Structure formats: C-alpha cells, structure tokens
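Written below as structure tokens is the structure these notes are about.
No value in this document is a laboratory result; all are computed from the given coordinates. Worth saying up front: this structure is predicted, and the values here are computed from it rather than measured. Every residue, glycine among them, receives a Cβ derived from its backbone with ideal geometry; neighbour counts consider all protein chains shown.
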Amino acid sequence: MLFVAFAWAAAPAPGQEVEIPEMFSETIDVRVVNVEVVVTDRAGNRVHGLEVSDFELLVDGEPTPIDYFTEVEDGLARGAQDGDLAAVPSVDPNAPVGTNFLIFIDDLFSLERDRNRVLDRLRDDIKTLRPVDRVAVVAFDGKSAETLTGWTRVSTRLENALDRARERPTRGMKQLTARSLADTDRQVRADVEAVHRDASRRLSSGAGPFTPEPGLSSLFSRAQDSYRQRLTNQLESSVLAAMATMRQFSGQPGRKVMLLLAGGWPRSVAIYTRAQVTEGGLPLDRRIMSEDALYGPLVSTANLIGFSLYPVDVPGPVRSFVGDASRGLGANAAIDPAGVSTGALEREDTVHSTLHLLAGSTGGVPLVNFRRDVALASVVADTRSYYWLGFEPRRREDDRFHQIEVRLAGRADLNARTREGYVDMSRDHELDMTAKAALLFGDPPDALPLKVHFSKPVRAGRRKMSVNVEVAIPLDQIQLLPVDGEWLSVVEVRVTAMDEGGNRSEVSFEKVPITGTQEPQPGQLFYYETDLQLRRREHSYVITVHDPLTGTNLTSTGKVGPKSI
C-alpha cells in the first residue's frame, strides 16, 4: 500500500475558513447517453426497417423521450423516418458509419501461447474491416500501458502493432505458478487439519497422546490470504487500465467498441481461491473485493462514454480437469475438504462469468472458448447493423446508477439487446479517473503543461520518504474574477502516485483559493507547496490543476524517487 499525505501551503490557518462564492461551485454539463440496440426475431435474425415510434425507452422504469434516432444497416446510416427527429450527432444520414475498434491486450494474466493465437487470428481478420473503420491497440503488463498504435485506418500500421504485441512478454505463467502454490498450500493445510482431527479422535478414544505441529495450519492460512490479496490487487490494476484506456481513446466520433483480450479474470476471487464466504455469498475476508466493487466501475465507464465491451476468452477451453472420480460429479458429489479437486471446471466457469457480465451489461457479446479464433470478425459482423438511440438525461452528477430498458411496442416476437444503464458520474469522480489514467498514459491530450519542482527527498520514518513539491500555476491559464475588491479563483488540485510495483495511492483532492489585490498580468505565476510522504521507492506521479469556471486542466506527470537518501 502507498501512503500519501499532503500539507497545503495555500490552505487557511487552523480554525480559519475561506468562504468560496457559489460561482465557483461545479456546473452540470449536458451529455448525450448513447443506446445502441440490436433487434432480432425469434430465430436470431436481424430486423431492419423499424421506426422510432416502434421503440419505448425507459430510464429507471419511467418512459423517456428519444432525442436522436438512426438506423445503421450493414454499416450505412438510414436516418430517422419520423418527422423532424434529429439523427444521432456525428452520424450523417445515408452515409457510411465507421466503427472504432479499441483492442486492449491483457499481458498480466495471459499465457504467451494463448495470447499469440488470438493475435494471429485478429491479424487474419483485418481484411473484414472497412475503410471507414478505425482501430487502436493498447497492451498492459500489470504496471504500465503501452499504446502500440493510436486510431488508424491503415492496415499495415495495425499489422505492425499486432506483431509488436506478439513480442511482448506475458506474466500468465507466474499467475499459474502462484495459483499452483496456493493450491498446494491449501492441500497441505487440509492434510494438517485432517491429522488434527484424527489426533482428537485418538485422544477421545484413549489411543494415546499425539501433539501436532503448532501454528502450521495458520501458516498456510496466511499464505492463502496473501495470494487472494495479491490477486485482488492485480485484477483491480487490470480493470483500472482498461478503464483508463477507454477514457484515453473516447474522443473519436462514431460507434465505439472494445475487444477486451482478458487472460482469465475471475468474477469471484473468493470462489477462484476457495475463500470462505458468508451465507449471502460475500467473502469473509474484507480485503477481497466483491464483483460489483471490482468490475462495476469498468461497466459504468463503458456505458457513460459509449463503449460496448466484447471480452475475448484468451485461455480458451479448459485443457485439464483435476478431480477424484471416487467423489463423483453433479449434485451427489462428495465434498472435497481442500477444495482442490473441482478446480479446473469451476475456475473456468467463474472466468467465463466475468466475460458474460461485462458484455451483457454494455450491449456487447462474450467471445468464449473457440469464438476467440474469430473475435475480430465476429465483432465486425455484430456491429454492422443496429439502431442508435440517444437521449439527454436530467443530470444530477450524484454517482447513482440509472437503469435503461428498451421495449418494442406491440412486438413480443422481437428481442432487443442493449446496455443495461449508466452512472450519472460526478465531475469530481471523472477528474479522479482522469488523474488515474494519466499514471498509465501520461498527460491527457487536452491538458496544458504544469511546471513542478521537487526538493531532495528526506527520510520520514521507516521505509518512507518526504518530498516537498512546488507547483507553479500560470494565472493567464485560469479564470480570475473580481469579487469584493479582490481578484479570486478557486482551483482544484489532485495528486496521485503509483510505485514501481503498480500499487497506487488514492487521489488526494483539495480546493485552493487564489486571491490578489490587482488584476493578474500575462506570465504571472501563483506558487504553492505540498509535502508528499511516500514509500522509499520510485513512483510515477500525477498532479492536476482544474479550473471549474473554464474547464481548463493543467497536468504534470513524471517520476520521483529516493535518489541519494
């Protein structure tokens, strides 16, 4: 875990408060929520020619007006057929509609053999793309994300990016080794506990004393807890990287989908690691994240910015089954006290369950088992024909989830597949996510540079260091207003850091008032200082300054480490 503390030089003295005028409070922007709907008949065939009057949109169960409507048939926009209803913004009627295919490659959990098999098939299917389609490729190894190619229509650039992806190392074998050691520990612990039970029976029957090795069972229990915590942290890092990737590549017009090449993300860490759970299905170990806490932010981000997720089962079908035939299968199977013998199939099931969760929640399709071999071709075909609805919700930016349901009026013979809802994300939450994304990708494309200066780190206790940083805010890049005879602005400063092992701090947030008696001149700077307390190792840092009046963001990213201390 990282420990980060901040002492703001610009903060008021203890007991003193700065009253911030209401004009500096956050404003709520207008955002269109995209709802792509695939309509099929009972035989699974696509249905074309429906009008906007055939659709009923419900948000949290309440009928909601559809503000934009376009049918896309075989990649061509057909436009709205009802009166003067506007087409979806950025889509021209009777023109080809390009699809943006964002490929995210998980090298942290993938085996090289499996990943390269999927990459080779993707390369073969490049020919299914159209000239209006774009593709970007990003790979993540657990610590950093590498953009192998930005948005491109050039097939040779995409081929080169996939070739480079093949050469990247993977960490899937380390994952298998850690899991195997954890299974061994679990089996040994079960054997030790069995010896204890046998000893107790012998003592109660008068067969003689027996003294088991003290503390051995708890030793293996601690090893299991460590494995579960490490797996949880790694999954959280991978999910954050996928979220950051979507946000980094969200500015492209047109339909947006992500092919998520997941090397094996279990939906339940507790089930995957045989952790004890309560009757309600929640893990007893609070350090294990629930599936909602782990994957909910990824789904919310995808739905908020208009991505449909198409997760790819990189490992493919299970290759081995570790079991004891004497215990049987099915409902009458005997219980394995170690929880090892049922491993392969149960683990594959919880991995597949994640793919179904991510796809079903965002309007995509899970590409499970052998469908990994036709991943790109399948997604291209699935995104050629659909109905594109849009509406402008009443925004409160309260981080609440709002359910979306699409009905086909009077057409019980038809089925509609779409995203399940969206989160009315607050601006603070979005800016926190932007700061986290910058840890992986550097400065956001729309951010202005921010100058910072770090002092020499000093020791701050065991394995910690304290670093003073001076941040220079250019006053001609932010808006200052005359208030009660002074020039005033209130900026929002966020700081986050990540060490070389991929461990991240939470985003620290502070509102910093800036005041002056005279109108600021071009080139004038406002300085403030903050002290960072970090583990004594190298960190990537992100410092952002946000002006709520103009929406301007200034960002500094880089490295800070112990150096000579």
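Key figures for this structure:
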quantity	calculated
Modelled FRET efficiency - R0 30 Å, Lys563 with Gln477, Cβ distances, 0.05 increments	0.50
Chain lengthening between Phe370 and Arg222 when straightened (0.36 nm per residue, less Cα-Cα)	49.5 nm
Cα centroid separation - region 41-109 against region 124-171, whole Å	27 Å
Relative packing of peptides 548-555, 495-502 - highest average C-beta neighbours within 10 Å first	495-502, 548-555
Local net charge near Val507, Cβ-Cβ under 12 Å (Lys/Arg +1, Asp/Glu -1)	-3
Residues of region 401-440 with amide N under 18 Å of a point placed 7 Å along Cα→Cβ from Arg42	408-417
Whole-Å distance, taken between Cα centres, linking region 361-407 and region 433-474	36 Å
Environment charge at Arg535 (Cβ cut-off 11 Å; Lys +1, Arg +1, Asp -1, Glu -1)	+2
Sum of side-chain charges, Gly363 neighbourhood, beta-carbon under 9 Å (Lys, Arg +1; Asp, Glu -1)	0
Cα gyration tensor category, rounded, prolate or oblate, for region 448-565 with a/c compared to 1.5	prolate
Other-chain or far-sequence residues with amide H under 5 Å of Val491's (modelled H)	Val512, Ile514
Likely footprinting exposure, Thr156, Thr354, fewest C-beta neighbours within 10 Å first	Thr156, Thr354
For peptides 62-69, 229-236, 392-399, sequence by mean Cβ density within 10 Å, most packed first	229-236, 62-69, 392-399
Theoretical gain in end-to-end length, Ala409 to Ser290 [0.36 nm per residue, Cα-Cα removed]	39.1 nm
Cα-projected label distance for Thr177 with Arg157, points at 7 Å along beta-carbon direction, nm	3.8 nm
Burial ordering of Ile305, Ile543, fewest other beta-carbon atoms within 10 Å first	Ile305, Ile543
Lysines whose Cα lies under 24 Å from that of Lys174, excluding same-chain neighbours fewer than 8 positions away	Lys143
Label point distance in nm, Gln533-Thr552, each placed 7 Å from Cα along Cα→Cβ	3.4 nm
